[in-house]
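Reading through the structure tokens given below for one structure.
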Amino acid sequence: MARPPAAREKILAAYCEIVSSEGERAATLEATAARAGVSKGGLLYHFKSKDALADGVLERLGQAAEADLARMRASPEGPSRYFVRTSVETGTELDTFFVVVMRLAAGQHPGAAEALAAVHGSWWQLIREEVGDDAVADTIMLIGDGIYHHAAMPGSGSTGSTAGYFRGRLDAVLEQVDELRALARARTASGAG
């Protein structure tokens with residue numbers, strides 16, 4: 001897949017920075033152009049409106065999520081462990097777009113909540129295919145979501161933070177994921193799943 005033009009990416013990055021730090025209302029066309037270091041006309045060449053900027057972020061979230069799903073599918077450790085292990089990662093391309101789309105969804109931007117649900121549903125589906133049990137897939141998703149919540153908290157880079165704690169305990173948490181996968185296999189084998 002060809003990368004979008006550098007100016008377009010620069011504009012999207014500026015929009016994401018503003019939405020993440022100051023909120024969607026602050027991400028005006030003028031503020032976004034200024035942050036990106038382009039003229040308003042240059043911005044409008046790539047994005048015809050503020051809604052087009054938001055739609056560009058939704059598109060990039062979908063692309064970043066597809067790349068993540070491909071890595072998740074191909075992971076030798078399996079989708080469940082991959083999902084939980086990568087839940088501590090913040091500041092990635094996927095995380096950047098995910099956070100901005102969450103902010104857009106909070107502002108009732110059309111399509112944002114659906115985009116988040118689609119990404120979440122795709123992760124859940126891969127985990128469900130691996131474990132064969134809805135409740136176990138739900139539990140693994142909640143573990144990863146909880147770790148992500150702590151990792152994404154402001155100030156989470158400090159060693160005394162909850163994110164630091166979970167990073168240090170990740171191997172023990174992944175052992176619990178392995179136990180959940182074994183439980184699901186046992187339930188499926190006994191016909192209880």
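The values are calculated or read from the model by the stated rules, or taken from the named source; none is laboratory data. Every value quoted in this text rests on a predicted model; they were computed, and no experiment measured them. Backbone-built Cβ (ideal geometry, glycine too); neighbour counts: all protein chains shown. Keep in mind that these areas ignore ligands, DNA and RNA; they rest on the heavy atoms of the full protein, side chains included. Shrake-Rupley method; radii C 1.70, N 1.55, O 1.52, S 1.80 Å.
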**Request:** Those residues that are at positive phi and surrounded by 15 or more Cβ atoms within 10 Å (Cβ to Cβ), I need them from the range 105-119; list them, please.
**Result:** Gly111
**Request:** Considering each residue of the range 20-48, count those that are in contact with a Leu (Cβ under 8 Å, 6 or more places away or on another chain) and of a type outside the set (Val, Ile, Thr), and give that number.
**Result:** 9
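Kindly establish whether Ser122 is more than 11 Å from the chain's Cα centre (by Cα), surrounded by 14 or more Cβ atoms within 10 Å (Cβ to Cβ) and not aromatic (Phe, Trp, Tyr).
yes
A quick yes/no check of all residues on (1) out of contact with any Leu (no Cβ under 9 Å at 6 or more places or on another chain); (2) modelled with pLDDT under 95:
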{"site": "Leu58", "(1), (2)": "no, no"}
{"site": "Leu69", "(1), (2)": "no, no"}
{"site": "Met72", "(1), (2)": "no, no"}
{"site": "Pro76", "(1), (2)": "yes, no"}
{"site": "Pro79", "(1), (2)": "no, no"}
{"site": "Val88", "(1), (2)": "no, yes"}
{"site": "Gly91", "(1), (2)": "yes, yes"}
**Prompt:** Here are some conditions: (1) within 26 Å of Leu12 (Cβ to Cβ); (2) open to solvent by less than 20 Å² (accessible area, probe 1.4 Å). Gly144 meets all but one. Which one does it not meet?
**Reply:** (1)
**Message:** Take the residues in the range 5-19 that are more than 22 Å from Leu116 (Cα to Cα) and out of contact with any helix residue (DSSP H, G or I) (no Cβ under 6 Å at 6 or more places or on another chain); name whichever of them is surrounded by the most Cβ atoms within 10 Å (Cβ to Cβ).
**Reply:** Ala7
**Prompt:** Identify, please: which residue in the range 20-35 is open to solvent by less than 10 Å² (accessible area, probe 1.4 Å) and modelled with pLDDT of 95 or more and is, among those, farthest from Arg103 (Cα to Cα)?
**Reply:** Ala33
